[in-house]
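The values are calculated or read from the model by the stated rules, or taken from the named source; none is laboratory data. Treat the numbers as computed from the prediction; the structure is a model and nothing was measured. Cβ sites come from the backbone with ideal geometry, for glycine too, and all protein chains shown count toward neighbours. For the accessible areas, the whole protein counts, side chains as well, though only heavy atoms, and no ligand, DNA or RNA atoms are used. Shrake-Rupley method; radii C 1.70, N 1.55, O 1.52, S 1.80 Å.
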Amino acid sequence: MASAAEQLASNLNWGAIGKAAELKKRLWFTVGALVVFRIGAYVPVPGVDPAALTIPVPDLNSSLSAAQTEFVRRLNTRLQPDDIEWRRYERVMKGQIIGEILFAEREGDAQRLSGEQLRWAAERSAATDYRATLNLPDTPFPMRGDLPKREPGWVRQWNDDGVYQQLRDARCSAPKFILHDGPPYANGQIHMGHAVNKVLKDMIVKARQLDGFDAQYVPGWDCHGLPIENAIEKKFGRTLSRDDMQARSRAYATEQIALQMADFQRLGVLGDWRHPYRTMDFANEAGEIRAFKRVIERGFVYRGLKPVYWCFDCGSSLAEFEIEYADKKSQTLDVAFPCAEPGKLAAAFGLPALSKDAFAVIWTTTAWTIPANQALNLNPALRYALVDTERGLMVVAESLVESCLARWGLAGTVVATTLGEALGGLRFRHPLAATDPGYDRDSPVFLADYATADDGTGIVHSSPAYGVDDFNSCRANGMTVDDILNPVQGNGSYAADFPLFGGQNIWKAVPTILDTLKGAGRLLATETISHSYPHCWRHKSPVIYRAAAQWFVRMDEGEGVFTVDKAPKTLRQLALDAIDHTGFYPENGRARLRDMIANRPDWCISRQRSWGVPLPFFLHKDTGELHPRTMEILDQAATIVEQGGIEAWSRVTAEDIL
């Protein structure tokens, strides 16, 4: 009588096993104590000796491949009865698992198998696979997308076949549509913003191609500037020479371009990847110098001392787009400026005389600017009150009297009021004038619309080196550039010889400044607030406005250096006219750009860094005047840079040029 195992083996559908890969079946078997079928049922085999069990193998030569035959052969492997390890054999053919063998050889695992169970197991093994009876289409492409694996192959094929050039050849005489890409910065891996930007542009270019245009996409990279210098400094420190910084920056930018280019191509973007434009190409660097010369000739370039955003970590001025806002904790302070002309102040308020010492009170969040104060600003259209308190007569905006007294913790009554216009030209004294001779100076009242009664006291203290409005107000009232105090150095510290606070970092000096004002009897109130404040987008550190001698492109009327062909309109007017004659899609882009140009200040084009196109100027050491051969020197510089890049210009000496 045949054993249960032999009965089962004789009923197994060996043809189904042999065609498992083709039919996408997964048949599971165990030689030993258990038989496992693909549906997950575990069928125990009764009375089987694991050490002696074999399953007869029929003649499979006509239906099984060598690999499939090998799989079945493994079913007859004799195992030792004390082998208690589970072992799994897997055979993969054409990506499909054609079988798995699970062994469990432990004595005592065998159980009784009823005849009904045995028949059920055999029937399941011999069940018909109805998918084989369907007349399905035979497609030449895979049914699964499997795009992560297939897309790289497509990209390689497009490059190998020169698809982009084939598209150009197919549209050689068609109208052109050229998308000259606004370049990404050659710094770091691409992110989702890059992907969205490039995929949308690719869609536009391909749509134009389908419309019959010779649709070209010209990729490019912005390769100069602070982000790359910062990356080099993080890796190699801040002690690199200019030559080392330039060499490492060029190598770094080249490496980043290669990585980003591969990623952009991986996104499926078609373009002239063999001929991208790079701002650090020698010809482009030389072209910038020649274009700059033309801007000078048109009368748009000048040198000036103006407050610009300054980052102490960068050691350089920043453009507006390099600024982001974040919350910062600051000390507010109300500071009393003693009146230097009490008789004139009494007359301005319609009084015969003043009964006490009088003060103009300012409110600010930048204590570090108080030592550099040079003026006070009042709004000519606001009404100001003279308030009698136990600490003297205080001048503040009439609408803010109640809030000011509450903040100072004082009681007071309004003695008189007047318009700010009547107070223009009055002189007050610096709050530390009696503390140190270095502050023995006046703070005159200048009238300015930017002084408001929205908060504070309605009076703005003015340190012209550290605020654009302050600077413009002081200059408009006759203060010369040489008169402007600028004690804060590029590293964030006061000059070493600055009275009382010399050599101190401006942020760390705030407590000292508050104590000094308090000791002088000029501090009325202070508190800590959290407010939005400009920060460097790279270092995430707070920045300041700082007056520095910089080169600017003038947006409005004014004289430039070496003007030989003055433009008939201002640069702002020319730019706005160009916007009006340019097509925008969507149209609302026009208004956005127009507003930006209409309201932007003069463009600061100089930076105190190494990795960028130079301003090839020679200045007289004593007078600061440009060399009379400046325009000729610009041509020399362009030629040198065209041959060896900006590094070549850095290597020449003044003797070589002059």
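Within segment 560-583, identify whether any single residue is modelled with pLDDT under 90 and surrounded by fewer than 11 Cβ atoms within 10 Å (Cβ to Cβ), and answer yes or no.
no
Among VAL308, VAL335, which is under 21 Å from HIS224 (Cα atoms) and either more than 32 Å from the chain's Cα centre (by Cα) or in a strand (DSSP E or B) (or both)?
After applying the criteria, what remains is VAL308.
Would you point out the residue of segment 213-223, among those that are under 24 Å from PRO614 (Cβ atoms) and either in contact with a Ser or Thr (Cβ under 6 Å, 6 or more places away or on another chain) or aromatic (Phe, Trp, Tyr) (or both), that is surrounded by the fewest Cβ atoms within 10 Å (Cβ to Cβ)?
Per the criteria, the residue is ASP222.
Which of the residues belonging to segment 339-371 are buried (at least 21 other Cβ atoms within 10 Å of the Cβ), of a type outside the set (Val, Ile, Thr) and assigned to a helix (DSSP H, G or I)?
LEU345, ALA348, ALA367, TRP368, PRO371
Mind telling me which of the residues TRP611, TRP649 ends up being within 16 Å of PHE282 (Cα to Cα), in contact with a Pro (Cβ under 6 Å, 6 or more places away or on another chain) and open to solvent by less than 60 Å² (accessible area, probe 1.4 Å)?
Result of the check over TRP611, TRP649: TRP649.
From the list GLU297, GLU324, GLU320, exactly one residue is under 28 Å from THR623 (Cβ atoms) and either surrounded by fewer than 16 Cβ atoms within 10 Å (Cβ to Cβ) or modelled with pLDDT of 95 or more (or both). Which is it?
Checking each option against the conditions leaves just GLU297.
Report, by residue number, each residue of segment 427-451 that is exposed (fewer than 15 other Cβ atoms within 10 Å of the Cβ) and within 42 Å of the chain's Cα centre (by Cα).
Passing the criteria: ASP449, TYR450.
Give me the pairs, please: first residue somewhere in segment 344-364 and in contact (Cβ under 8 Å) with a residue 12 or more places away in the chain, second residue anywhere and of a type in the set (S, T, N, Q) and open to solvent by 20 Å² or more (accessible area, probe 1.4 Å), beta-carbon distance under 8 Å, and either six or more positions apart or on two chains.
As it stands, the answer is PHE349/THR417, since those pairs meet every condition given.
Checking the conditions here, which among ALA247, ALA231, ALA253 is part of a helix (DSSP H, G or I), hydrophobic (A, V, I, L, M, F, W, C) and open to solvent by 30 Å² or more (accessible area, probe 1.4 Å)?
Exactly one of ALA247, ALA231, ALA253 is part of a helix (DSSP H, G or I), hydrophobic (A, V, I, L, M, F, W, C) and open to solvent by 30 Å² or more (accessible area, probe 1.4 Å), namely ALA247.
When you check GLY624 against the structure, is it open to solvent by less than 30 Å² (accessible area, probe 1.4 Å), more than 26 Å from GLU322 (Cα to Cα) and modelled with pLDDT under 90, yes or no?
yes
Being crowded, with 17+ Cβ neighbours inside 10 Å and either outside any strand (DSSP E or B) or touching a Phe, Trp or Tyr at 6+ places or on another chain (Cβ under 9 Å) (or both) narrows it down to one residue among LEU240, LEU259; which is it?
Sole residue among the options that is crowded, with 17+ Cβ neighbours inside 10 Å and either outside any strand (DSSP E or B) or touching a Phe, Trp or Tyr at 6+ places or on another chain (Cβ under 9 Å) (or both): LEU240.
Of everything in segment 474-504, what is small (Gly, Ala, Ser) and open to solvent by less than 10 Å² (accessible area, probe 1.4 Å)? Give them in sequence order.
Across segment 474-504, the qualifying residue is only GLY492.
Taking the condition touching a residue at least 24 places away in the same chain (Cβ under 8 Å) and of a type in the set (D, E, K, R), does GLU625 pass?
No: the conditions fail for GLU625.
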